[in-house]
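Before any comments, here is the structure.
The values are calculated or read from the model by the stated rules, or taken from the named source; none is laboratory data. Small disclaimer: the values here were computed from a predicted structure and weren't measured. We place every Cβ from the backbone using ideal geometry, glycine too, and count neighbours over all the protein chains shown. We work out accessible area using only protein heavy atoms, side chains counted, and drop any ligands, DNA or RNA first. Shrake-Rupley method; radii C 1.70, N 1.55, O 1.52, S 1.80 Å.
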Amino acid sequence: SRLLRRGASGAFIVSVTGTALGLLANLAMARLIGRAEYGIYALMFSWVSVLVMVAQAGQDISIIRFLPGYIQEGAWGKVRGLRIGVGLFVLATSLCVAIVGSVIVHVIGANKSAAWRDTFYIGFAMLPILTQLQQSSAMHRAFKRPVITGMYSTVMRPITLLILLGIAWLIAVRRDAPTAAVCTALAGSIALLASGWHLTRAWPAPGRGAHPGYEARRWVTVGGQLSLLSIIIVGGAKLDVMLLGAIMGAGDVGPYYAAVKMAGFAFFATQAVNVVLAPMIAERYDARDMQGLQSVAVQGARIGLAGATCVALFCAVAGRWVLALFGHDFDTAYVPLLVLLLGYCASTCFGEVGFMLSMTKYQKQASLFVLVGIAANCIAAVLLVPKLGATGAAIGASLSLFIWRGLAWWFVTTRLGIEPSVFGRLEPKEQER
């Protein structure tokens, strides 16, 4: 549809720009603090990324799930109540997770270096910041502002991080993982303030004076169901980094994490499309418009595969050179990079099956499929990482992604009657007869 193409094109530019800036920020960070310290930072941020989803409790997806319907109904009190209610709820949960995490670091950190402990303490302190930034982005997304959705979290935040890293380099402060973590926390805070200010200024006039209406039980119930899927997906995405760090140590994590950040470019087109696709899936499913659902799903899958293929071809040619820019011995992650890209391209062919399930009523099944993929990842890591190192971790990550997305594709085609892959038709067969 025109909305999907127009919205995706704007989000595409933001996604590409943000991903490039994120890679550049990580490159600058690796050059600034070195391979060993960068490995500590990578481990911390991988854990924090998972815990952000735990603290989020699925409320970011609840916003995307419920807000479009409230707007269509003209229920502006519920729109305002959703913003206030889930914001306070997520703030409370993120503070609790941060406190528990800090206690665990204090207990198990006795055998770790001071840099390791301080980096994780700072990481847990930034949890409330990152969760609120994600909430603000979800609000923009639910209002169908695809460009603004990623402007602050994926563009402004890495730009600010680059500036702060440059200041740290100029004033010659300690060049270690805690310094990088502090810069990351400050960049997130600035992005959150800017995003919140924009959301308040752009708030629709009918909703400004509306008395807040709360459906807390409904939000928490649905959000709790959706949170399991979000936690599992993000945990599965970060599991390869965490397993590599547990088995081989932080020293091998740095180059592999750089490869993961580079391979993440393969999803930039899919992420751009998903900004628009997620609320459209929810709307079409609620309206029982299966023909429209089929159409947007296939279009999104084809755009995603085209982007992933372009990135894979570029990295096959220039990947080793780009990895070398991160620092000495980072180019050892070239083979894992290619393995990750192969897995990403293959799994993208299935289409955005995760949202096809979570935006309808099958989030429990989606969680089960991802758990199967995670189990495969763990088995592969235990068997392959001791022998192949980072390449084994990349094989496990690719295998996990392909398995769970393949199972989800099978479920969507059989239960919903929708073919969401790149091979699907733009309208169901029943409509063609």
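Pick from ASP240, ASP252: which is open to solvent by less than 40 Å² (accessible area, probe 1.4 Å), acidic (Asp, Glu) and closer than 30 Å to ALA375 by Cβ?
The conditions single out ASP240.
Conditions: (1) part of a helix (DSSP H, G or I); (2) open to solvent by less than 60 Å² (accessible area, probe 1.4 Å). GLY351 meets all but one. Number of the miss?
For GLY351, the exception is condition (1).
Can you confirm whether GLY224 is more than 17 Å from MET139 (Cα to Cα), within 17 Å of the chain's Cα centre (by Cα) and open to solvent by less than 70 Å² (accessible area, probe 1.4 Å)?
no
Quick test for you: out of PRO128, PRO178, pick the one residue that is closer than 19 Å to TRP47 by Cβ, outside any loop (DSSP other than H, G, I, E, B) and touching a Leu at 6+ places or on another chain (Cβ under 7 Å).
PRO128
Please name all residue pairs, on different chains or six or more residues apart, with Cβ atoms under 6 Å, provided the first residue is in the stretch 71-96 and is farther than 18 Å from ALA202 by Cβ and the second residue is hydroxyl-bearing (Ser, Thr, Tyr) and open to solvent by less than 10 Å² (accessible area, probe 1.4 Å).
LYS78/TYR70; VAL90/THR131; SER94/THR131
Please verify whether the stretch 95-102 includes one or more residues that are small (Gly, Ala, Ser) and at pLDDT below 90.
No, there is no match, as no residue in the stretch 95-102 is small (Gly, Ala, Ser) and at pLDDT below 90.
Looking for whichever is in contact (Cβ under 8 Å) with a residue 12 or more places away in the chain and either surrounded by fewer than 20 Cβ atoms within 10 Å (Cβ to Cβ) or at positive phi (or both) here; the options are ILE13, ILE33, ILE61. Which one fits?
Result of the check over ILE13, ILE33, ILE61: ILE13.
Which residue, of ALA312, ALA366, is over 26 Å from ILE281 (Cα atoms), of a type in the set (Gly, Ala, Ser) and in contact with a Leu (Cβ under 8 Å, 6 or more places away or on another chain)?
That would be ALA312, the only listed residue that is over 26 Å from ILE281 (Cα atoms), of a type in the set (Gly, Ala, Ser) and in contact with a Leu (Cβ under 8 Å, 6 or more places away or on another chain).
Run down ILE167, ILE122 and say which single residue is assigned to a helix (DSSP H, G or I), in contact (Cβ under 8 Å) with a residue 24 or more places away in the chain and open to solvent by 20 Å² or more (accessible area, probe 1.4 Å).
ILE122
Within the stretch 195-209, can you find the residues that are crowded, with 18+ Cβ neighbours inside 10 Å, within 15 Å of GLN134 (Cα to Cα) and among the small types (Gly, Ala, Ser)?
Correct list: SER195 only.
Taking ALA187 and the conditions (1) farther than 19 Å from LEU127 by Cβ; (2) assigned to a helix (DSSP H, G or I); (3) without any contact (Cβ under 8 Å) to a residue 40 or more places away in the chain, which numbered condition does it fall short on, given that it satisfies the others?
The one condition ALA187 does not meet is (1).
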